[in-house]
1. Identify, please: which residue in the range A:147-165 is polar (S, T, N, Q) and within 7 Å of chain B (Cβ to nearest Cβ) and is, among those, surrounded by the fewest Cβ atoms within 10 Å (Cβ to Cβ)?
2. Looking at (1) more than 30 Å from B:G477 (Cβ to Cβ); (2) within 14 Å of chain A (Cβ to nearest Cβ), can you tell me which one B:Y323 breaks?
3. Hey, can you tell me all the residues within the range B:461-495 that are open to solvent by 20 Å² or more (accessible area, probe 1.4 Å) and either part of a helix (DSSP H, G or I) or in the same structural domain as B:H274 (by TED's automatic domain parsing) (or both)?
4. Go through B:C257, B:C280 for me and flag whichever is within 20 Å of B:H202 (Cα to Cα) and at pLDDT below 95.
5. Kindly provide the set of residues from the range B:115-149 that are of a type in the set (G, A, S) and open to solvent by 20 Å² or more (accessible area, probe 1.4 Å), ordered by number.
6. Is there any pair linking a residue in the range A:166-177 that is more than 8 Å from chain B (Cβ to nearest Cβ) and over 11 Å from A:V124 (Cα atoms) to one that is buried (at least 17 other Cβ atoms within 10 Å of the Cβ) and modelled with pLDDT under 95, with Cβ under 8 Å and at least six apart or on different chains, and which?
7. Of all residues in the range A:6-24, count the ones that are among the aliphatic types (A, V, I, L, M), more than 9 Å from chain B (Cβ to nearest Cβ) and touching a Leu at 6+ places or on another chain (Cβ under 8 Å).
8. State all residues of the range B:464-511 that are more than 10 Å from every other protein chain (Cβ to nearest Cβ) and over 30 Å from B:K277 (Cα atoms); if no residue qualifies, say none.
Amino acid sequence: MRKEYVYQAFERFWHWTQAALILFLGVTGFEIHGTFHFFGYAQAVHFHNIAAIAFLILIAFAIFWHFSTGEWRQYIPTLTNLRAQGEYYVLGIFRNSPHPLKKSVLSKLNPLQKLVYAGLKLLVIPVIALSGLLYMFYRYPQRYEVIALRIESLRTIALIHTAGAFLLVAFFIAHLYLITTGRTLTSNLKAMLTGFEELENEPNHAPEERSQP
Amino acid sequence: MKRIFLALIGAGALVGLALVMLPQRAVDPTPQARLKQQYATKVKSSVDHSKFDQLKRPFAKPQEVTAACLTCHNGRAGEVMKSSHWTWTRTEYIEGQGIRTIGKKNALNNFCIGIEGNEQSCNKCHAGYGYGDKNFDFKNPLNIDCLACHDNSDTYLKANMGAGMPDLKVDLNKVAEHVGRPTRVNCVTCHGFGGGGNNVKHGDIEKALFEPTRDVDVHMASEGENLLCVDCHTAEKHQILGKMYSLSSMNRNRVSCETCHSEVPHKDDVLNKHMLKVACQTCHIPVYAKVNPTKLRWDWSTAGKLKDGEPYEEKDASGTDSYLSIKGSFIWGKKLKPDYVWSNGTASHYLLGDPVDPSKPLKINELHGNYNDPEAKIIPVKIHRAKQIYDTENKYLIQPKTVSTKPGDGGYWKEFNWQRASEEGMKLAGLPYSGKYGFIETEMTWPINHMVSPKGQTVACTECHIREGGRLAELKGFYLPGRDFSSLIERLGGGMLLLTLSGVFVHGGARYWTSRKRKGGE
């Protein structure tokens, strides 16, 4: 066992801000959707719009970070060991078996995580962000209309946005639970908070030389 | 600590950036203050009419007053005679009906039905003297009633059954010496009493506007801005801006809030965006018939019951008429939430002789528009429903003669005989009457534009953006956030969340259970 610096400062900032924003967007969004009353409708709309733009800016920075550091490669989906990882969650975890794959700085994500996060980043987030943008800038049928983008009704946009929101909430719930499936119940949480995680020595990779920030 | 601090700064910067990037409009901080100042200075007449020798004399006939007015105000008679206050018609293009001449002269309503044959009574509110039948001389300027609109003495009154002539009690000399810009009383005396009583027709124009409180009308409040009708309904050469879709068909000469308040009056851009599809009145007139009740239903078919051969009346608990032998049964309402419809500023109208389909309620006027119509906005309306007489053979509405001016003329209000009233009414209207009549359900739609409430009483978001029971619950054909959803997506989404949650509990529970078992076994 040795302590490794797994999550860099920006990565953690990005993760927690994104978590807060998604939670906040979820609450305000479902209030706008009519699911419950909490902030008050006008406030919910106002907050949702601000948080949405903050989220977009964050996404822009995150994209830049992923490419400039090369971290995007962590998310390339793979079928290798997908089955083993699946079997771990279905069987191994109940028998106190060790994680089938060793976590390392160069390979932080297990195959299931790669698949889910790639889906999230390439499908769910883009869909919800784009439909959100269209929602925000939807042109109501009006006088002196300049027709650049012909969208017949808000309905399609709104329904896609709602569907995306449901997916994100489901992800959020599952994600919260999966925090507890690390080496210990809280090891994942501590790692994402501090950046450091106790990793098992891995024979194939020499320990990374990384300077601390 | 330093890192947490940096992270907080980062998050703060993010939200700050988001706030800056949100579309915001530079709003003049004091448009209201500017308007208040503008309207604080009341228009005063530049002359004192009581000093004019032409007016300091007794007048035997009201026409003499008109003649005196015209000696100075030359050219004005021609203007008045072009206005709809005088002609009681307009030439309008009606969608699907072509160009038609329409006005009080020939249109029907579902209150007192129409003026034809009833001029002696209805035409009390004509801006003229003696429009007692269709032979009235519309070319004679001396028949213009200047005083109905310009009396500032509050003593002018038109006679009942006088075809527009003043009441005999009126001191014409006094009135003539106190003329000026039309007051609220001048306008509302007619416009608030259409249909035979206060607030019967409009629901938002009634005698409470003589001296309204701020709660009743934020603009005309006598303790506030004290605006007059003519401050918004401005006039150029006696052609007054504004009209009502009970009679008008075209999108023109409309009074709009935007004239004073601009097209972007709110600080909140989301609210300004609403204005593309929602009229100002929709949110700012949350309730109508605020002070006195307005008529919601008029059933002519029950009219004619007599007690000991005499007509009688019944009142409901609030003291308003619920039954009159001459008119039938009524339902009134007070402090009402408006209905809401799409309106693009055009309407179609039922005119005398148009065919009817008795199988469904006849729309006497119909406002056009829908969500996809770029001109259309949601507006508040009052819907007045009635059951009124029609010719069951010829399949058109009957213009009955209701008013009786001499014995045996068929006037229903004296003879209580629909057969006779229909014969005489249709004879005057110049249409055949089959001799068979029935009663048909009809509807009129009256836009609610007046009695704007103070800011604090504006319709709240969730009165429309709500799943059920909202003000716009009945207005379909578009997606309204907060109200609309796809039940498929709700079911799939909800099911997915339920599955995820139960997955978490089952998996977590199993982990807890197996780990306990393991520990126990060790």
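The values are calculated or read from the model by the stated rules, or taken from the named source; none is laboratory data. Because the structure is a prediction, the values reported are computed rather than measured. All Cβ positions, glycine included, derive from the backbone under ideal geometry; neighbour counts span all protein chains shown. Note: accessible area is taken over every heavy atom of the protein model, side chains too, but ligands, DNA and RNA are not part of it. Shrake-Rupley method; radii C 1.70, N 1.55, O 1.52, S 1.80 Å.
1. A:S153
2. Evaluating B:Y323 over (1) more than 30 Å from B:G477 (Cβ to Cβ); (2) within 14 Å of chain A (Cβ to nearest Cβ) leaves (2) as the failure.
3. B:C461, B:T462, B:E463, B:S487, B:L488, B:I489, B:E490, B:R491, B:L492, B:G494, B:G495
4. Residue meeting the stated conditions: B:C257.
5. Correct list: B:S121, B:G130, B:A148.
6. Matching pairs, first to second residue: none at all.
7. Of the residues in that region, 2 qualify.
8. Residues satisfying the conditions are B:R491, B:S502, B:V506, B:G509.
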